[in-house]
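Here is the structure we will look at, set down as structure tokens.
The values are calculated or read from the model by the stated rules, or taken from the named source; none is laboratory data. Fair warning: this is a prediction, and the values are worked out from it, not measured in the lab. Glycine also receives a Cβ, built like all others from the backbone with ideal geometry; neighbour counts cover every protein chain displayed.
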Amino acid sequence: MSTSDDDAPIPPEDLEARLRALGAGLAVPPAPPPADVARAVRARLEDGRAQDGRAQDGRVQEHRTWRPSPRVAAAAVAVLMAVLLGATPQGRAAVVSVLRFAGVEIHVGGAGPLPTGVPSPLPGERRVTLEEARRTARFPVAVPSALGEPADVRLADGGRVVTLLWPGVRLDEFDGTLGVVWRKELGEPFPEQVSALGGWWIQQPHGVSYVPSGGGAPREERVAGPTLIWQHRLVGLRLEGPDRAEAVRIASSVR
């Protein structure tokens, strides 16, 4: 049996191109306000109930009520929620994605105002020498060769975090395998993946807070600048201060 060209399967790349062309030619009206959508849905439901009991020609018409399957109903709810959320800026801001990587939990979207005020120190934070930090930390402390010896070293939370400081540069090192150490609250856009390091680059200013090892609410909520997050062996690192190119250069010098 022969198959016409119209019946032949469409290659995926051709199908995508056709769908994009079709979408570009469609005239899509603006989304109605959420309240109008809700009223329209309610009216359709009430009209359906009224027709179920309506008699025609003195006889009650036999009919079969269509009931959607749970899967179809769930899909319909999802579509309706997408319309309602996308119709307003408040709805779009409520959609949050969570990215967990190397001991850092990043919340993208729906970020509130940036923190204000002076941040408090990390739990048990104290100034130490680099040698003491290496003896006390729960992980091997690395110093980027591109920066040399740090101007200041801080140890916190019983050796859970080591912070190395240079003028305009902050490098936090921590165990990136056991749980969430830092929490970041971002708006848009989503962090940019850095393939060379297998890490993530955050360009915009954002709120960052520390999650204590003993539990409890996050602490030291403050505004962080551009930040590079990556993992070196089992150590999580977050480098704050340099621009993207310089941050990648510094991170690549960690051995």
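Kindly indicate the residue of segment 149-196 that is out of contact with any strand residue (DSSP E or B) (no Cβ under 9 Å at 6 or more places or on another chain) and within 17 Å of Ala102 (Cβ to Cβ) and also modelled with the lowest pLDDT among those meeting that condition. Residue satisfying both the conditions and the ranking: Leu178.
The lone criterion from (1) more than 21 Å from Leu99 (Cβ to Cβ); (2) in a strand (DSSP E or B) left unmet by Ile229 is number (1). Phe139 meets the conditions (1) touching a Leu at 6+ places or on another chain (Cβ under 7 Å); (2) under 19 Å from Val211 (Cβ atoms); (3) not in a loop (DSSP other than H, G, I, E, B) in every case but one. The failed one is (3).
Looking across Pro167, Pro205, Pro191, Pro218, one residue alone is within 25 Å of Thr116 (Cβ to Cβ) and surrounded by 19 or more Cβ atoms within 10 Å (Cβ to Cβ). It is Pro191.
Across segment 95-110, what is the number of residues that are part of a loop (DSSP other than H, G, I, E, B) and either touching a Phe, Trp or Tyr at 6+ places or on another chain (Cβ under 6 Å) or at pLDDT below 75 (or both)? Summing the residues that are part of a loop (DSSP other than H, G, I, E, B) and either touching a Phe, Trp or Tyr at 6+ places or on another chain (Cβ under 6 Å) or at pLDDT below 75 (or both) in segment 95-110 gives 4. Candidates are the residues of segment 111-146 that are buried (at least 18 other Cβ atoms within 10 Å of the Cβ) and of a type outside the set (Val, Ile, Thr); the one that is modelled with the lowest pLDDT is Leu122. Only a single criterion out of (1) part of a helix (DSSP H, G or I); (2) touching a helix residue (DSSP H, G or I) at 6+ places or on another chain (Cβ under 8 Å); (3) not small (Gly, Ala, Ser) is not satisfied by Leu147, namely (1). Does Leu237 satisfy being under 20 Å from Pro189 (Cβ atoms), assigned to a strand (DSSP E or B) and not basic (Lys, Arg)? When the stated conditions are applied, Leu237 does not pass them.
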